[in-house]
Structures are given as structure tokens and as C-alpha cells.
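This report refers to the structure that appears directly beneath it.
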């Protein structure tokens, strides 16, 4: 197995499952079970979690809140999600640490690259909250940044769709899934899987990406094992 260390991007929406807000207990347990599967294989797992199930900065800005303020509120939502995910992972028997780009005493460790790598080498799951710590940057960009910083072998974006399609498969029955794409193709076709800054950073740092459906049982393990699951984006 070539994959030693991954960066998993989980959206806040993934944590709420079929609900419209907050957390869905069964969904959280299902995600933690998939993560445990690959930890048991010896894969080191770092996670960046979004905050869209609680608050989304861009939406807050649209409602009249200053964008920088709204993004700061969104970053705090990601820290809350990191704590919720940590609790579920620990219940599954995984030693887990939360590191935040927004220092909050007694909640998590401040993000520090060397410390994060030491945790990963010790077999701990590390959850990064607080995005990049700066407004105007998405958690997609935070994922690419953290993935590059910890020298991840692969960045995975967990979605509700089993890969990247030529069109929206819900609207176009003829849409087909890409098995592989290059970063240049994904950017040129404006596929919207990641924001452009995240794509560009992955390309620059030669960090391959896989987009897959986290709600498909065993999908995370199959991605790590190199099976035909999701869409891989590489140089």
C-alpha cells in the first residue's frame, strides 16, 4: 500500500446527514467507522472539517454581516464541528487531537505543523479546525494548505456524489463520471469541485486529490487501496 498519510476534507454538511442543520448521530458514526477502517490499515489520517451545518461565512455576508466577521463566525463553527467529530472518533477507539488555526484555550491545541506530524506518526487522528485562520479563504483551501504542510500523499474530498461528472447527474441522465482528471482540466472546465485557489495549491505542491462519496460504505478504504472509487485529480 503506497498511501501512508492522507488529508480528508469533510464538509459541515456531511455531518448533518439527512437533517437540515446540526449533527446526525448515525451519520457521524458511519463516518467514524470508515476512518477507523483505514487507521487500522496503518494509514495516518488528518482531517479538515467545514462549518456549513452550523454557519457559512459567505451566506452570513450576504445577509448583511461584514464578510470578515462572517468568515470568523464560520471558523468558530468549524472548531465546534472538530470537537463533535473528535468525540465520535474517540468513542470508536481512536486517539484524536484537535488543532485550531484560531487559538482557543482548553478547546484544542494551536495549529503547529511539527506537532501535528508527531501526532500522526504516533498513530493519532488529527482534526484541523478554524480553517486557515484568515477570512476570505475556504476550508477547501485550508485542506490543500494543511495537506501540503503535513506532506500528505493524497487529499480526499468527501462529498455526497461518487466523483466528478461531466454535468450534474441529478439534472442530466447522460452525465458520466470522470475516472481521472488533471488539475489543468478541472480548472479549465470550471467543474466547481474545489475553489480555484485550492486546485492551484494542490497542483503547485503536487498533491493528488480524490473526490468520492463518503456515504458509500467502504468507499474511503477503497480509495486508499487504489481501487476504482471516485475521481482522481492529478498532474
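The values are calculated or read from the model by the stated rules, or taken from the named source; none is laboratory data. In this text, all values refer to a predicted model and were calculated from it rather than measured experimentally. Please note: Cβ atoms are built from the backbone with ideal geometry, for glycine as well, and neighbour counts cover all protein chains shown.
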Study note, to complete from the structure: Of 4, 9, 29, the only residue that is at pLDDT 95 or above, closer than 21 Å to residue 143 by Cα and surrounded by fewer than 16 Cβ atoms within 10 Å (Cβ to Cβ) is 4
Study note, to complete from the structure: Going through the stretch 165-216 in order, the residues found to be touching a residue at least 40 places away in the same chain (Cβ under 8 Å), touching a strand residue (DSSP E or B) at 6+ places or on another chain (Cβ under 9 Å) and under 24 Å from residue 19 (Cα atoms) are 193, 194, 211, 212, 213, 214, 215
Check your understanding: Since residue 59 meets every condition but one in (1) outside any loop (DSSP other than H, G, I, E, B); (2) crowded, with 18+ Cβ neighbours inside 10 Å, which condition does it not meet?
Key -> (2)
Review point. Counting just the residues of the stretch 85-110 that are more than 15 Å from the chain's Cα centre (by Cα) and in a helix (DSSP H, G or I), which one comes out nearest to residue 130 (Cα to Cα)?
Key: 87
Practice item. Go through (1) surrounded by fewer than 16 Cβ atoms within 10 Å (Cβ to Cβ); (2) more than 23 Å from residue 53 (Cβ to Cβ); (3) in contact with a helix residue (DSSP H, G or I) (Cβ under 9 Å, 6 or more places away or on another chain); (4) at pLDDT below 95 and name the single condition residue 195 misses. Key: (2)
Revision key, fill the gap. Checking 77, 68 in turn, the sole residue that is at pLDDT below 95, assigned to a helix (DSSP H, G or I) and out of contact with any strand residue (DSSP E or B) (no Cβ under 7 Å at 6 or more places or on another chain) turns out to be 68
